[in-house]
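The values are calculated or read from the model by the stated rules, or taken from the named source; none is laboratory data. Given the structure is predicted, the values throughout are model-derived calculations rather than measurements. Positions of Cβ are generated from backbone atoms using ideal geometry, with glycine treated the same way; all protein chains shown enter the neighbour counts.
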């Protein structure tokens, strides 16, 4: 077999192999997402694709899921909008650490505001307006 006969097979292999690998990866990702959506149960902490955290309040519908985002506030989302289940441990550790940081920041902010006067809170502009450009006529 000479090189002229082998070249079409090489071209086909170079084009087909990456396509097959990508489709397998895509199928695997779709299967994982489907498994996640089917495993959602009431009480699970989830994150939506827009980054909203909440607890599943109702998962009885096949197309939608109700998520409680705050006490007494329940919103309805498509199941496909649920990106992942989130463990409560990770979220609680972040929130606990943030409480102390927020308290310190509020104390600092209150002290700084007491020291400032109203005049210093309004910024003074140093912007200047450029002179207009002269237009010339083309003859």
Residue set 62, 89, 99, 107; condition at pLDDT below 90 and part of a loop (DSSP other than H, G, I, E, B); output residue 62
Determine whether residue 37 is within 25 Å of the chain's Cα centre (by Cα), modelled with pLDDT of 90 or more, within 29 Å of residue 79 (Cβ to Cβ) and assigned to a helix (DSSP H, G or I). no
